[in-house]
Amino acid sequence: MAAQSETSSKAHEMAAQGATLLDVRTPEEYVQGHLPGARNIPVQVLSQRLDDVGPRETPVIVYCAAGGRSATAAELLKRAGFREVLNLGPMSAW
């Protein structure tokens, strides 16, 4: 539990400093509720939409419903050259 609250604190700090908040769930999940200001790019199409995430120098916070898709997305972003990627895991960790 302590690790999760550390991640949440780090995510809030990064967001306050202008990090991109990326929701990698489906559009249907996104419209049912998402974090304020989050961009929705489903993990299934993320590799084709990397430019939509933003500049690779801008930190990115990734989340999904349970943590699996965000872990996949975080790895993909790191391999694509994004310098700072934080996997928040489930949206409820916010």
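What follows is calculated from the coordinates using simple rules that are stated; it is not laboratory data. Source: prediction; values computed, not measured. No Cβ is skipped: glycine too gets one built from the backbone with ideal geometry, and neighbour counts run over all protein chains shown.
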Q.
Please count how many residues of the stretch 49-74 are assigned to a helix (DSSP H, G or I) and among the acidic types (Asp, Glu).
A. 2
Q) Of these, Leu35, Leu21, Leu46, Leu77, which one is assigned to a strand (DSSP E or B) and either surrounded by fewer than 20 Cβ atoms within 10 Å (Cβ to Cβ) or not β-branched (Val, Ile, Thr) (or both)? A) Leu21
Q) Applying the selection to the stretch 49-74, what residues are buried (at least 17 other Cβ atoms within 10 Å of the Cβ) and more than 19 Å from Ser8 (Cα to Cα)? A) Val53
(Q) Would you confirm, using the coordinates I've provided, whether Pro59 is within 14 Å of Leu88 (Cβ to Cβ) and not charged (D, E, K, R)? (A) yes
